[in-house]
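Worksheet: the structure to be examined is printed underneath.
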Amino acid sequence: MTGISIHRRTLVRLAYLLVAGFFIVTTGASPSRAEERGVTNQEIIIGMSNALTGPAAALGTGVKAGAVAYFQKINNAGGVNGRKIKVISYDDGYEPQRTVENTNKLMNEDKVFALFGYVGTPTSTAVLPIINKDHVLFWAPFTGAEFLRTPVTKNIFNVRGSYFDEAEMQVKYLTETLGKKKIGVFIQNDAYGLSVKLGVVKALKKRNLEIMGEGTYERNTENVDAGLETVKSYNPDAVIMVGTYKAMAAFIKKAQAQGFKPVFLNVSFVGTAALVKELAGAGGDVMVTEVMPSPHDSPLPLVRQYRQDMHAAGHPELDYTDLEGYVDAVVFVEVLKQITGPLTRESFIAAAEKLNATVGGLPFAFTAENHQAMSKIYLTKIVGSKVVEIQK
């Protein structure tokens, strides 16, 4: 009887497989083709891990606020092709290990369609193995690191200009416009600092120059004294700074108090509005390269719309950081609008690599060979409590 029972179970199983096979052939379905992760007929789920608390909190909260403001506007209008965009956000405090934990949760528990707006080079470095292994979409990280751009990775898309773009602008302005030849650096002692430093070295080498003094500090601290002493010992007439707003403000204020007053030049990641607050009026000869137009003064229709949407969302204070999050969301939605068939990672990537659009006066373009949508860099100077764009 046991043999007969096994035989009958085998026959039943074979019959089931035959029926399933018939269904696959006649309908085009695939037994291994599950519904796209993070996508239903009603919504698209995307995940964020960035600094919402700690010394870099203004960066994460800014990117999130700008992106959510635009997505909410789209959702209120019915979504994209009937799908609303749901954002799941976790705080990592700008600490790579927490970023890894959050990313695993977003991937394995929340089943997100894409990872969006991660803040930082060290945090992005930490999750790169996960991104490469699972081929998850990694959209618009808030970093200009070159390893996310070169070589092109199919599932990684950058919206902002790179740190190499910023470094070239900085060195060119310092040397050709201001006539500064002795250029030192003060950098965060991690992948972020190294990423920008490589761009500075490249730009200096192009002009037969080299770094004159290099100081460092540790991420999420304001321990700048040793680095300041090292840089000051070389007496450079300009210092390119790579860090977040609290540490950079501490460095500048201590340097000025000691009578060390070179030109200070920060990269966009610093968090400009937060830097202005931390400096509290001590911003003479402090410049910042930006990857977005002025959130306050730009006449571009897209930036005017951003200002309206941020105020409507309850965010009266504007900054380059939240404008970047807003623009990241705009470009993401523009790609979604191009997809006419099923929404999958493959169809999203294909649509993104063909995107060449201007929205509200701001142009964006990707190709299969270039996954960076924008490259324009803006040079600004802190004047009192205001940020003024320098016309070059």
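May I ask you to list the residues in segment 138-155 that are in contact (Cβ under 8 Å) with a residue 60 or more places away in the chain, hydrophobic (A, V, I, L, M, F, W, C) and either surrounded by fewer than 24 Cβ atoms within 10 Å (Cβ to Cβ) or outside the structural domain of Val331 (by TED's automatic domain parsing) (or both)? Give the steps one after another, and end with the answer.
Start the filter on segment 138-155 by keeping residues that are in contact (Cβ under 8 Å) with a residue 60 or more places away in the chain, which leaves 139-140, 142-144, 149, 152-155.
With hydrophobic (A, V, I, L, M, F, W, C) added as a condition, the list becomes 139-140, 142, 152.
Across segment 138-155, the qualifying residue is only Val152.
Being within 22 Å of Tyr326 (Cα to Cα) and in contact with a Gly (Cβ under 6 Å, 6 or more places away or on another chain) is the filter here, so list the residues in segment 341-384 that pass it.
Passing the criteria: Met374, Ser375, Ile377.
Kindly indicate whether any position in segment 108-116 is part of a helix (DSSP H, G or I) and at pLDDT 95 or above. Full working, then the answer.
Our first condition is that a residue be part of a helix (DSSP H, G or I); within segment 108-116, this holds for 108.
If we keep only those that are at pLDDT 95 or above as well, we get 108.
Checked against the condition, which is being part of a helix (DSSP H, G or I) and at pLDDT 95 or above, segment 108-116 yields at least one hit.
Looking at segment 80-87, is at least one residue modelled with pLDDT of 95 or more, part of a helix (DSSP H, G or I), buried (at least 16 other Cβ atoms within 10 Å of the Cβ) and among the basic types (Lys, Arg)?
No: zero hits.
Being at pLDDT 50 or above, surrounded by 10 or more Cβ atoms within 10 Å (Cβ to Cβ), out of contact with any helix residue (DSSP H, G or I) (no Cβ under 6 Å at 6 or more places or on another chain) and among the aliphatic types (A, V, I, L, M) narrows it down to one of Ala57, Ala15, Ala29, Ala69, so name that one. Outline the logic, then answer.
Working: Ala15 fails: at pLDDT 50 or above; Ala29 fails: at pLDDT 50 or above; Ala69 fails: out of contact with any helix residue (DSSP H, G or I) (no Cβ under 6 Å at 6 or more places or on another chain).
So the residue among Ala57, Ala15, Ala29, Ala69 that is at pLDDT 50 or above, surrounded by 10 or more Cβ atoms within 10 Å (Cβ to Cβ), out of contact with any helix residue (DSSP H, G or I) (no Cβ under 6 Å at 6 or more places or on another chain) and among the aliphatic types (A, V, I, L, M) is Ala57.
For segment 338-392, what are the residues that are under 19 Å from the mean Cα position of the chain (by Cα) and charged (D, E, K, R)?
If the condition is that a residue be under 19 Å from the mean Cα position of the chain (by Cα) and charged (D, E, K, R), then Glu353, Lys376 are the ones that fit.
Filter segment 321-364 for residues that are among the hydroxyl-bearing types (Ser, Thr, Tyr), surrounded by fewer than 17 Cβ atoms within 10 Å (Cβ to Cβ) and touching a residue at least 60 places away in the same chain (Cβ under 8 Å) and give the result.
Thr344
So, in segment 42-54, of the ones that are on the phi < 0 side of the Ramachandran plot, part of a loop (DSSP other than H, G, I, E, B) and in contact with a Gly (Cβ under 7 Å, 6 or more places away or on another chain), which residue ends up surrounded by the fewest Cβ atoms within 10 Å (Cβ to Cβ)? Talk me through it step by step, then tell me what you get.
Step one: of segment 42-54, the residues on the phi < 0 side of the Ramachandran plot are 42-53.
Now narrow it down to the ones that are part of a loop (DSSP other than H, G, I, E, B): 42, 51-53.
Cutting the leftovers down to in contact with a Gly (Cβ under 7 Å, 6 or more places away or on another chain) gives us 51-53.
Working: Ala51: 30, Leu52: 21, Thr53: 12.
Taking the candidates together, the pick is Thr53.
I'd like the full set of residues that are under 25 Å from Ala56 (Cα atoms), among the aliphatic types (A, V, I, L, M) and in a loop (DSSP other than H, G, I, E, B), limited to segment 286-302.
Result: Val291, Met292.
Residue check, Pro129 against (1) in contact (Cβ under 8 Å) with a residue 40 or more places away in the chain; (2) over 24 Å from Thr40 (Cα atoms), all met but one. Which one?
Of (1) in contact (Cβ under 8 Å) with a residue 40 or more places away in the chain; (2) over 24 Å from Thr40 (Cα atoms), only one is false for Pro129: (1).
Would you mention how many residues in segment 150-175 are in contact with a strand residue (DSSP E or B) (Cβ under 6 Å, 6 or more places away or on another chain), over 17 Å from Val331 (Cα atoms) and not in a helix (DSSP H, G or I)?
Selection size over segment 150-175: 0.
Given Gly259, Gly243, which one is more than 14 Å from Leu379 (Cα to Cα), free of Cβ contacts under 8 Å to residues at least 12 places away in the same chain, in the same structural domain as Asn223 (by TED's automatic domain parsing) and not charged (D, E, K, R)? Full working, then the answer.
Working: Gly243 fails: free of Cβ contacts under 8 Å to residues at least 12 places away in the same chain.
Matching residue, one of Gly259, Gly243: Gly259.
For Gly281, all conditions in the list (1) buried (at least 17 other Cβ atoms within 10 Å of the Cβ); (2) in a loop (DSSP other than H, G, I, E, B) hold save one; what is the number of the exception?
(1)
Would you mention how many residues in segment 284-300 are among the polar types (S, T, N, Q) and buried (at least 23 other Cβ atoms within 10 Å of the Cβ)?
1
The values are calculated or read from the model by the stated rules, or taken from the named source; none is laboratory data. Quantities reported herein were computed from a predicted structural model and do not represent experimental measurements. A quick note on method: Cβ atoms are made from the backbone with ideal geometry, for glycine too, and the neighbour counts reach across all protein chains shown.
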